[in-house]
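One structure below.
No lab work stands behind these numbers, since they all come straight from the coordinates. All values derive from a computational prediction rather than experimental measurement. Here the Cβ positions follow ideal geometry from the backbone for every residue, glycine too, while neighbour counts run over all protein chains shown.
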Amino acid sequence: MKEFKHKEGVYVPNIGIDYPKDDPSTRLVEVKVQDSSQGRWQFDETYPYIDNSFGYKFNRRLNALLLSTIIAAYHRICLGLRIEGRDILRKYRKELKGGAVTVCNHVWREDAVMVFHAVRKYYHMHMPVYAKHLNNPGFYWMLRFMGGVPVPESLAGMRGFNAAFDSFHEAGDWIHVFPEAVRWDCYTYLRPFHKGTFTMAYKYDCPVVPCVVTFRERKGIFRLTGKKQIPLFTIRILEPVFADKTLNRRDAVKDLAVRAHREMEEAIGVIENPWPAIYED
């Protein structure tokens with residue numbers, strides 16, 4: 001069996017988490033409301049997956065303003081956030097004009113916002129989110145109004161969910177997905193990808209834009225702006241990955257996922273990784 005191994009020089013923070021070594025889908029973030037029937041929202045056909053109300057649009061604009069100003073400043077000052085690779089977006093401006101699917105390793109509670117900063121998309125970005133988190137009052141406003149759409153907990157809800165993302169794509173908006181699905185804070189390897197992300201990209205015939213979050217040791221002035229054990233962050237935009245249309249749909253989706261995983265693993269600095277690239281059916 002392979003061992004976990006990085007390239008020389010990769011910074012590995014220690015924030016006191018004992019990461020599982022047998023199940024990469026283990027959920028490490030506490031779920032406040034386990035039973036959705038007891039929460040504010042039920043994630044079935046009754047949920048407003050598409051919301052064109054004034055209140056929703058107002059809160060989305062307010063959220064975008066907050067993310068692009070106050071949260072952006074917090075990330076720069078307290079997390080030392082660096083953004084790399086924006087030149088790639090300019091290089092592929094034509095291919096990205098009709099929208100894209102961004103993917104990223106899921107390693108911090110605000111890493112989605114870091115992706116939004118990197119690609120400079122706030123109001124026109126949408127993402128599937130774990131439904132139960134929307135019944136957590138501490139997560140609700142930020143997740144919902146930054147474009148979070150809950151993955152339905154019933155088959156009946158899937159029609160509205162799919163219609164919502166069809167609508168977003170038709171408008172030329174971008175979609176962000178964490179293909180690892182669950183968050184492991186400050187984890188420095190890449191876990192397997194769920195293929196649903198890449199099925200979506202294939203369906204919409206749009207590029208996958210991989211991003212990776214990596215870590216730096218907290219030094220200098222940043223010792224004054226955050227806890228010593230919390231690292232500094234870098235987000236890097238990588239070359240887009242395009243579906244191979246010479247393959248049938250099933251093989252093209254798998255190939256797209258594997259190539260994105262390989263590119264991200266290289267950028268993170270992983271040499272050996274026991275986790276597979278994708279979850280097999």
**Prompt:** Once you sort the root eigenvalues of the Cα gyration tensor of segment 51-128 as a ≥ b ≥ c, which label holds: rounded (a/c under 1.5), prolate (a/b larger than b/c) or oblate (the other case)?
**Reply:** oblate
**Fill in**
Env charge @ Y140, Cβ radius under 12 Å, K,R +1 / D,E -1, value +4
**Asked** Across segment 103-115, in residue order, what do the Karplus-derived ³J(HN,Hα) couplings come to in whole Hz, using 6.51 cos²θ - 1.76 cosθ + 1.60 with θ = phi - 60° and x for Gly and Pro?
**Response** 10, 7, 5, 9, 10, 6, 5, 10, 6, 4, 5, 4, 4
**Message:** For a test of the definition: using alpha carbon positions, the gyration tensor, and the 1.5 limit on a/c, classify segment 1-48 as rounded, prolate or oblate.
**Reply:** prolate
**Request:** Would you calculate the volume per residue, in Å³, of the smallest convex hull containing every Cα atom of the chain?
**Result:** 146
**Message:** Can you tell me how segment 105-184 classifies by the Cα gyration tensor, rounded, prolate or oblate, using a/c under 1.5 as the rounded cut?
**Reply:** oblate
**Most fluctuating residue given options F43, F58, F222, as computed from a GNM of the chain linking Cα atoms under 10 Å** = F58
**Request:** Mind checking which of N248, G269, A163 is farthest towards the positive end of segment 43-272's charge dipole, using Cβ charges of +1 (Lys, Arg) and -1 (Asp, Glu) about the Cα centre?
**Result:** G269
**Asked** Which residue, chosen from A260, Y92, L190, occupies the Cα position most advanced towards the positive end of the dipole of the chain, where the dipole is computed from +1 (Lys, Arg) and -1 (Asp, Glu) charges on Cβ about the Cα centre?
**Response** Y92
**Prompt:** Out of V149, F215, G80, whose Cα points farthest toward the positive end of the dipole of the chain (charges: +1 Lys, Arg; -1 Asp, Glu; placed on Cβ)?
**Reply:** G80
**Asked** For A156 and K228, FRET efficiency with R0 = 41 Å and r from the beta-carbon atoms, rounded to 0.05?
**Response** 0.25
**Asked** What percent does the relative contact order of the chain come to when contacts are Cα pairs within less than 8 Å and at least six residues apart?
**Response** 30
**Fill in**
In nm, the gap between the two label points placed 7 Å beyond Cα toward Cβ at L247 and A171 is 3.2
**Fill in**
What helix-only [θ] at 222 nm does the chain give? Using -39500 (n - 2.57) per DSSP H run of at least 4, over all residues, to the nearest 500, the answer is -10000 deg cm²/dmol
**Item:** Computed E for D205/K32 - FRET, C-beta separation, R0 35 angstrom, nearest 0.05
**Value:** 0.40
**Message:** If R₀ is 30 angstrom, what is the calculated FRET efficiency for the pair Y19 and F54, using the beta carbon separation as r and rounding to 0.05?
**Reply:** 0.10
**Candidates Y123, Y56, Y204: whichever shows maximal mean-square fluctuation once the chain is modelled as a Gaussian network with Cα springs under 10 Å** = Y56
**Asked** Can you put D23, D44 in order, fewest other beta carbons within 10 Å first?
**Response** D23, D44
**Prompt:** So how far apart, in nm, are the two label points at N136 and R90 if each is 7 Å from Cα heading toward Cβ?
**Reply:** 3.8
**Fill in**
Given pairs K7/K228; K91/K228; K5/K254 and cut-off 32 Å on Cα-Cα distance, the over-length ones are K91/K228
**Message:** Mean-square fluctuation check for the chain, GNM, Cα pairs under 10 Å: which of E217, E30, E180 is largest?
**Reply:** E30
**Request:** Rounded to the nearest Å, what's the spacing between the alpha carbon centres of segment 8-44 and segment 110-174? Just the number, please.
**Result:** 18
